[in-house]
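Below: one structure, written as structure tokens.
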């Protein structure tokens, strides 16, 4: 592989989605962990998602500067897609946690 950033962007994007899924699955499967206790997985997943977006962007820059010789354009786009998906899911979950906090505080 001549464009490792493209591969890394996919790997980190999958890792971001995996961290989010593990947090939710742990709250659903394990009785001693609630969804509120799984909140620390949100920033970890968000950081990984932003990293996937950055790596995918760097891979696209390398691809365009070298006139496509290193390859990895599709992988870079897929890594950016995974990063975007993970970031949107993180923002949705953070919004849900915020609404839940307001309901607990004022309900």
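Counting just the residues of segment 26-42 that are exposed (fewer than 13 other Cβ atoms within 10 Å of the Cβ) and part of a helix (DSSP H, G or I), which one comes out farthest from the chain's Cα centre (by Cα)?
Filtering segment 26-42 down to residues exposed (fewer than 13 other Cβ atoms within 10 Å of the Cβ) leaves 28-32, 34, 36, 40.
Filter once more, so that each one left must be part of a helix (DSSP H, G or I): 28-29.
Working: 28: 20, 29: 22 Å.
Here the answer is 29.
Quick check on my filter: what residues within segment 60-96 are over 21 Å from residue 8 (Cβ atoms) and at pLDDT 90 or above? Outline the logic, then answer.
Pass one, segment 60-96, residues over 21 Å from residue 8 (Cβ atoms): 67, 91-96.
91, 92, 93, 94, 95, 96 - these are the residues of segment 60-96 that are over 21 Å from residue 8 (Cβ atoms) and at pLDDT 90 or above.
The values are calculated or read from the model by the stated rules, or taken from the named source; none is laboratory data. Predicted model only: the values in this text are computed from it and were never measured. All Cβ positions, glycine included, derive from the backbone under ideal geometry; neighbour counts span all protein chains shown.
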